[in-house]
Amino acid sequence: MSRNSGKLRVIIAGAGIAGLATAISLARVSTLPDLDIQLYEQASELLEIGASIALSPNGMRTLEKLGVTNALSDEVGFRGPSGIPQIFRHWKTDQVISVDTHTNVPDPRHHTTRFHRGHLHSALLEHVPRQSIHLGKKIINAEITDNGVSLHFEDGTKAYGDILIGADGIKSRVRQSFVPEYKLRFSGKIFMRSTFDASLVEDKIPDLPADSLHWWGPNDNFFASRLGKGQFTTVGAYSDPRTTDELEKSVDWDQKGDVQFLRERYKDWNPLIKALIEVTPYTNLYPNFAGDALPKWVFGSRVTLVGDAAHAHGGAFAAGGSLALDDALALGLAFKHVFQVSATNVLSLDRVKESLYLYTETRKPHTDKLLRIVHTQIGTKTSGFTTAEEEDAKLVARMKNRPDTEWLSEHDVEAALTATIKREESRASIEETVQLESKL
Ligand SMILES: Cc1cc2nc3c(=O)[nH]c(=O)nc-3n(C[C@H](O)[C@H](O)[C@H](O)COP(=O)(O)OP(=O)(O)OC[C@H]3O[C@@H](n4cnc5c(N)ncnc54)[C@H](O)[C@@H]3O)c2cc1C
């Protein structure tokens, strides 16, 4: 593997948010010449599927750094007019109990933005050559060979490359190929999501606030928001006592739900929520899974993971989209750094290994921290109170004492990579000094 021997073949598993952003980052940010980037996606068509997805300032800034400025327009995503990213309301009284605020986000285009996932995906897609995306390619397995990597597809075909990036989502086959014992766990919650034309709510629900709405109840929450391109979303949730195995066999991701069940579930909540569930035309079900932090993200010096494949955090704090974009940018920047400082122009396996090392040292501690918080929360019980007053007091306390998530939402991934580089340089210089002293 060297530039003398031609192009560096990068194969990317999955053409979701992380896969597309990685293709863009490697093509634009890494500054590596002679890249051949190919993406392999199980879907047979690239449709605008999914429901709502939020990007925090870190994700919005990263979109800009990747050159995906089309996604920053007011047309594609929705930003609340108050500039407050999250407003937390009481389920019964509708009273605002607490808010999250932006601390250092001077550009309003970087404020928390809510998209239909399909619109964000389409905005990224505009920057990836269509002929590099191979559809209908369901990955079964990934392998490292003596001089490269390979993906094996359900249709019996294979793809070969020098480097493999696993961007195939929470149920990643690439991750499973290298960490076969890895298990996802059902968090006990199923989300009921719907996106629909905002005309169903505009002028029909009096006093509907202009900002996104986040109500907390004793056990479950309810979320409603305008999205870009004239869409609106509602999101409810319920607890399901089934085990991970039972759930996997019975509820598919994006499966049609029963909107009457949603209405029944939220019938005692405040009148605004009742009006919103009345106009919600359908719900789809999204069972929530999460997994532990992986022991490592680099396999055989040629394979790494990005997005949900690398950190199965189950969508907590609505951070998944932004984390995936930051992973992609960090990977591109890591390659850029290693190849700019290397004395030779040769693309050796050692240089690749060094780039993947820098990438994981920058990203893994950050997402491991998130996973620790997620797993603590999954185990936390919110029921078992003796009186309604006690339950309400606990809820209000929980809302006021939410974990501070600014370290996530305003994370500067470029600065984090620079800090990793500095740390590595000072470690190397200490090692050099120790070696020198031992020779004296
Ligand atoms: C169809 C869909 C709808 C979603 N809707 C929402 C939503 O409404 N709200 C939200 O917050 N999050 C949603 N998500 C998840 C969200 O996009 C991710 O949590 C986040 O953006 C991180 O992106 P990712 O690229 O790592 O994962 P994903 O966005 O899940 O992308 C993974 C990609 O890999 C592909 N893939 C998976 N397995 C294989 C395989 N075996 N072979 C080939 N390709 C494979 C998938 O089809 C997908 O395109 C959705 C994901 C998908 C795939």
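Every read-out reported here was derived from the displayed coordinates using simple, explicitly stated rules and does not represent laboratory data. Quick caveat: nothing in here was measured; it's all calculated off a predicted structure. Counting neighbours? That spans all protein chains shown, and the Cβs are built from the backbone with ideal geometry, glycine included.
Being surrounded by fewer than 16 Cβ atoms within 10 Å (Cβ to Cβ) and not small (Gly, Ala, Ser): is that true of ASP308 here?
no
Against the definition (in a strand (DSSP E or B), closer than 14 Å to HIS134 by Cα and either in contact (Cβ under 8 Å) with a residue 24 or more places away in the chain or β-branched (Val, Ile, Thr) (or both)), how does ILE11 come out, yes or no?
Against the criterion (in a strand (DSSP E or B), closer than 14 Å to HIS134 by Cα and either in contact (Cβ under 8 Å) with a residue 24 or more places away in the chain or β-branched (Val, Ile, Thr) (or both)), ILE11 qualifies.
Look through segment 98-125, keep the residues that are among the charged types (D, E, K, R) and within 15 Å of the ligand (Cβ to nearest atom), and return whichever of them is surrounded by the fewest Cβ atoms within 10 Å (Cβ to Cβ). So that I can check it myself, show each step before the final result.
Restricting attention to segment 98-125, the residues satisfying the condition of being among the charged types (D, E, K, R) are 100, 107, 109, 114, 117.
Now restrict to residues that are within 15 Å of the ligand (Cβ to nearest atom): 114, 117.
Values: ARG114: 23, ARG117: 19.
Per the criteria, the residue is ARG117.
Name every residue in segment 43-64 that is touching a helix residue (DSSP H, G or I) at 6+ places or on another chain (Cβ under 9 Å), surrounded by fewer than 21 Cβ atoms within 10 Å (Cβ to Cβ) and farther than 13 Å from SER122 by Cα, in order of residue number.
Listed by number, the list holds a single entry, GLU64.
Going through segment 126-154 one residue at a time, which ones are more than 11 Å from the ligand (Cβ to nearest atom) and either charged (D, E, K, R) or part of a strand (DSSP E or B) (or both)?
Residues satisfying the conditions are GLU126, ARG130, GLU143, ILE144, THR145, ASP146, GLY148, VAL149, SER150.
Considering segment 302-327 alone, what residues qualify as being in contact with a Ser or Thr (Cβ under 6 Å, 6 or more places away or on another chain), within 9 Å of the ligand (Cβ to nearest atom) and not in a loop (DSSP other than H, G, I, E, B)?
ALA309, SER322, LEU325, listed by residue number.
Taking segment 39-87 only, how many residues are part of a strand (DSSP E or B) and either under 12 Å from HIS119 (Cβ atoms) or more than 13 Å from the ligand (Cβ to nearest atom) (or both)?
6
Hey, among the residues in segment 168-217 that are touching an Asp or Glu at 6+ places or on another chain (Cβ under 6 Å) and among the aliphatic types (A, V, I, L, M), which one's nearest to the ligand (Cβ to nearest atom)?
ILE170
If you take the residues in segment 253-292 that are assigned to a strand (DSSP E or B) and of a type in the set (Phe, Trp, Tyr), which one is nearest to ARG117 (Cα to Cα)?
So, considering only residues that are assigned to a strand (DSSP E or B) and of a type in the set (Phe, Trp, Tyr), the one nearest to ARG117 (Cα to Cα) is TYR286.
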